[in-house]
Amino acid sequence: MYNKNTSGEHFETAAKNSLLSLYKYFLIDLTNTIKKPVKGLKILEIGCGPGFMLEQFESAGAEEIVGVDISQDMLQRAAKRSEKSLKVQADVADLPFEPNIFDIVFSRGSIFFWHDLDKAFKSIRQVTKNGGTIFIGGGYGLSTPEEIIKKIRENRGDSKQNDIPRLDPEMLCKKAQSYGDYAEILSAPKRGFWLNWKKGES
Ligand SMILES: C[S@@+](CC[C@H](N)C(=O)[O-])C[C@H]1O[C@@H](n2cnc3c(N)ncnc32)[C@H](O)[C@@H]1O
């Protein structure tokens, strides 16, 4: 499990060797879903790790980018990849921000490790603007070309995936809907899922 003192070395090396080509497709999944570019938006990434998505958001012209991670070392690694973003060490269940300030809250590959989902969802929703989008998931992405996924699977072996704790996406969707918000699961077989959650006015 990840904590404040977890080293990011193992994940950064593994991601560089296998996942690197996926991150631009995670951004495409997001922009396809919100139906606009992220240019000009204020984005919070939870569990940003060594910063591969922060880099994407920065290149895409996001107005403000904040990366949160529980591990201090991950954030130091993220600093090498994304200068513009603010890096904040925090637990997703206790986000140190004002309410209603982010247009987008994005998280990929991190939710499987959150120890208190109810607190995490409440904390995320609180910092999201009314009408903002919360986009949380894991896997290879929905717009990623099949040949890229195939190559990654061959390189890393799908056994790696067995290390990741499982979560029921429908359970996550119901949790989001319990706030009275719109939420849906976007998924495809063997690719993973996204929870697309839009914070309502209440
Ligand atoms: C598998 S890595 C994914 C990193 C990055 N999102 C990516 O896809 O490259 C999971 C990340 O979530 C972070 N994390 C785990 N539990 C967390 C929590 N409770 N609060 C904030 N970050 C957390 C870990 O430190 C780690 O950097």
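Rule-based calculations on the coordinates, nothing more; no lab input. Just so it is clear, the structure is predicted and the values come from calculations on it, not from any experiment. Virtual Cβ from ideal backbone geometry, glycine too; neighbours counted across all protein chains shown.
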Query raised in the report: Does any residue in the range 164-184 that is of a type in the set (D, E, K, R) come within less than 9 Å, Cβ to Cβ, of a residue that is in a loop (DSSP other than H, G, I, E, B) six or more places away or on a different chain, and which pairs are these?
Result: ASP181/LYS199; ASP181/GLY200; ASP181/SER202
Report summary line: Contact list, first residue from the range 84-100 and more than 9 Å from the ligand (Cβ to nearest atom), second anywhere and of a type in the set (Lys, Arg), beta-carbon distance below 6 Å, six or more apart or interchain, is ASN100/LYS129
Query - Cβ-Cβ under 6 Å pairs, at least 6 apart or on other chains, the range 15-31 side in contact (Cβ under 8 Å) with a residue 60 or more places away in the chain, far side among the basic types (Lys, Arg) and within 11 Å of the ligand (Cβ to nearest atom) - result: PHE26/ARG108
Query raised in the report: Does the range 103-114 hold any residues that are more than 6 Å from the ligand (Cβ to nearest atom) and either out of contact with any strand residue (DSSP E or B) (no Cβ under 9 Å at 6 or more places or on another chain) or aromatic (Phe, Trp, Tyr) (or both), and which are they?
Result: PHE106, PHE112
Query raised in the report: Out of all the residues in the range 112-124, is one or more of a type in the set (Ser, Thr, Tyr) and out of contact with any Leu (no Cβ under 9 Å at 6 or more places or on another chain)?
Result: no
Query raised in the report: Can you pull out the helices (runs of 4 or more DSSP H) entirely within the range 1-68 that have at least 3 residues that are crowded, with 16+ Cβ neighbours inside 10 Å and within 13 Å of the ligand (Cβ to nearest atom)?
Result: 23-34, 52-59
